[in-house]
Amino acid sequence: MKNYVFSILFLMWCCSCFSQQLYVELGTTISSFDYENSQGRPLDNLLSTSKAYYGMGYRQSINPSNTLYLSLGASYNSYGAVGSERSVENYFAWDVSYLGLKAGLGIKLFELRDLIFFANVSVASEFLIRGNQTINNDVFNLVGEEEFNNTILFFRGGVEMQYPVSNSTAIFVGYNYGKSALLNSGDTSEKLNLNAHHFGIGFIINLPTCNCDF
């Protein structure tokens with residue numbers, strides 16, 4: 001019985017030493033679209049555009065040495081692209097925004113004095129909440145359109161650099177590249193993929209229940 005109680009207390013002590021944190025971030029997304037029509041032909045002359053993104057969530061280490069971190073959070077991402085077709089003198093542009101729920105894993109790579117470097121991967125389920133398409137002088141609402149309105153899965157990977165500004169707060173900067181899973185309309189063979197480069201900055205804050213330094 002004493003050994004059992006000791007084991008429980010030891011496990012609780014170890015878990016209390018795991019970093020429990022909140023994070024907030026914002027940054028810029030440079031996005032592009034890969035589109036194929038029902039004949040399998042890509043849409044040429046598409047150019048990337050720059051939009052903003054925001055995120056917040058919870059992060060916790062999952063091992064005693066604080067080298068593996070699991071994160072759960074929400075995000076607001078905007079994507080866009082512009083292009084033209086000279087043969088028919090068309091101009092077109094897309095501007096879409098998605099809310100996402102994200103799960104990620106961070107791996108501590110190494111430390112350089114107070115700087116800590118991480119590699120991270122994540123997957124997010126994102127839902128279209130606003131979007132429009134411009135063709136010449138006409139603007140179309142994309143909410144409800146099958147090619148855009150399906151829930152999408154976004155897979156991302158990148159690197160992050162973290163620097164402590166106090167015993168309870170750290171600032172971080174990072175880069176992630178992401179690509180969506182294939183989007184298919186239920187009625188046509190049109191295909192659309194989203195590609196995105198994220199450049200962001202944010203803060204990590206230790207929760208009061210964690211007395212651990214960064």
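The values are calculated or read from the model by the stated rules, or taken from the named source; none is laboratory data. What you see is a predicted model, and the numbers here were worked out from it, not measured in a lab. Cβ placement follows ideal geometry from the backbone for every residue including glycine, while neighbour counts extend to all protein chains displayed. We work out accessible area using only protein heavy atoms, side chains counted, and drop any ligands, DNA or RNA first. Shrake-Rupley method; radii C 1.70, N 1.55, O 1.52, S 1.80 Å.
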Step by step: first the residues of the stretch 29-63, then only those that are outside any strand (DSSP E or B) and modelled with pLDDT of 85 or more, then the one that is surrounded by the fewest Cβ atoms within 10 Å (Cβ to Cβ). Which residue is that? Asn63
Filter the stretch 144-156 for residues that are modelled with pLDDT of 80 or more and either more than 18 Å from the chain's Cα centre (by Cα) or under 20 Å from Leu26 (Cβ atoms) (or both); which is surrounded by the fewest Cβ atoms within 10 Å (Cβ to Cβ)? Arg156
One residue is enough: does the stretch 115-124 have a residue meeting the conditions within 20 Å of Asp34 (Cα to Cα), modelled with pLDDT under 85 and either open to solvent by less than 40 Å² (accessible area, probe 1.4 Å) or part of a helix (DSSP H, G or I) (or both)? no
Residues in the stretch 86-112 that are at pLDDT below 90 and either open to solvent by 60 Å² or more (accessible area, probe 1.4 Å) or outside any strand (DSSP E or B) (or both) total 5
Checking the condition without any contact (Cβ under 8 Å) to a residue 60 or more places away in the chain, within 18 Å of Leu192 (Cα to Cα) and in a loop (DSSP other than H, G, I, E, B), which residue from Gly144, Gly131 passes? Gly144
Taking Ser71 as meeting all but one of (1) modelled with pLDDT of 90 or more; (2) of a type outside the set (Lys, Arg); (3) closer than 19 Å to Val143 by Cα, write down the number of the exception. (3)
